[in-house]
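Everything on this sheet refers to the single structure shown next.
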Amino acid sequence: MKQPAPADDSPEAEAVPRRKRKPVGWSMIFIAVLVAVSATLVYRRDGIDGVLKILTHDLWLFGEILPRVLAGCLLGAFITEILPHEKVSRSLGPNSGLKGLLIGTAFGAILPGGPFTAYPVAAALLTVGADFGATIAMVVSWTLIGYGRAVAWELPILGTDFTLWRIVISLPIPVLAGALGRFVYVRMYPKGEPS
Amino acid sequence: MTMSALIIDISLWGSVLVLGIIAFRRGRVVVVSAAREGAMDFINIVPRIALGVIGSGYIAAVIPPEIITGWLGPDSGWLGVLTAVIAGGLTPGGPVVGFSIGAVALKVGGGSPQVIAYVVAWALFAFQRLILWEIPFMPARFVWFRAAVSVPFPFLAAALAMAIGKP
């Protein structure tokens, strides 16, 4: 068995760009604090039984999700490896214009699976040369007009009329969000992304 | 529900297989190195997902859905939209909770633009999805940037809903 990945990846001289693995950032610390505070509140309200009940339920959920997370990671890695990077940065990069935003939107809308595919794939696209704008269009499109969640959850719960109406209204949002993202990005980072 | 889970798993592993075959045709080394990279990502991400999944149960337990439903009363107008957007971001739990709250709000007389704003805001910002999924997989700077840039759009959706009218 491999030992857990250290935060600093050994540098390899390869043509394929590698995603930087993140050290524990303040986002994770914030989440950990939020969880600790919530767990304490549950303990004070429901006692140790309440804490254990949630823990068992969530561990079960975790076990169920784990294989899908692995599949999502593999998907992201294969995409990073397979997609021609010059082509991606041409069609989804900072200079890809409206066409790039539309491609990102279409890609997000047809992507199968759930968050365990959408985010690894989006991260892979960022790695191989898509800019923030096109990636925002993709993520927002997946969450707003992707069929997966709409068919599985929204249709049965909110009904066909409402769901279709909501999706039609949402259609312009991914492109607009991507465009706004680009607009803000070039003003925030005029010299390109800081690393 | 088990049926949709099965479909998700089949389409997911099917996509992995297809991409794996494409990679394999580029050569064995490509597959092996990609699979290794994917596995390393997985090992790296598991603790983050664990914290999110196990932690979100506690966060959800201290924000009962009834509180959120209360925020989505029949208050029409832009104040109602603003409350709906905040409620969407604060809604704990998965899609069942989010959409059910929207359905309840429609039943108890919530306006359609407000419910649209709620559903769109939930899709864009539900903090639990951000914490559980988006931050572990994406660069944190991207996630915050994406969320900030998305802020106007639930309001835009509500405005469009008001302009177009009910279905």
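Nothing in this text is a laboratory measurement; each read-out follows from the coordinates by a stated rule. The structure presented is a predicted model; accordingly, all values stated were derived computationally and were not measured.
I'd like the Karplus ³J(HN,Hα) series for region A:73-88: coefficients 6.51, -1.76, 1.60, θ = phi - 60°, whole numbers in Hz, and an x wherever there's a Gly or Pro.
5, 5, 4, x, 5, 5, 4, 4, 6, 7, 5, x, 5, 5, 5, 5
What residue among B:ARG129, B:ARG141, B:ARG25 shows peak mean-square fluctuation when chain B is described by a Gaussian network model with Cα springs under 10 Å?
Looking only at B:ARG129, B:ARG141, B:ARG25, the largest GNM fluctuation is found for B:ARG25.
Roughly what % of Cα-Cα distances in chain A sit above 29 Å, to the whole percent?
Every Cα pair in chain A considered, those over 29 Å come to 40 percent.
What percent do you get for the relative contact order of chain B when only Cα pairs under 8 Å and 6+ apart count?
22
Can you give the helix-only mean residue ellipticity at 222 nm for chain A, where every DSSP H stretch with n ≥ 4 adds -39500 (n - 2.57) and the sum goes over all residues, rounded to the nearest 500 deg cm²/dmol?
-23500 deg cm²/dmol
Find the relative contact order for region A:91-188 and round it to a whole percent, using C-alpha pairs within less than 8 Å whose residues are 6+ positions apart.
Dividing the mean separation by the residue count of region A:91-188 yields 35 percent.
Return the calculated 222 nm mean residue ellipticity for chain B, to the nearest 500 deg cm²/dmol, obtained by summing -39500 (n - 2.57) across DSSP H runs with n ≥ 4 and dividing by the residue count.
Computed ellipticity for chain B at 222 nm equals -26000 deg cm²/dmol.
Among rounded, prolate and oblate, which fits region B:1-142 when a ≥ b ≥ c are the square roots of the eigenvalues of its C-alpha gyration tensor, a/c under 1.5 means rounded, and a/b larger than b/c means prolate?
Here region B:1-142 falls in the prolate category.
For the protein assembly as shown, what is the convex hull (Cα atoms) projected area averaged across all directions, in square nanometres?
18.8
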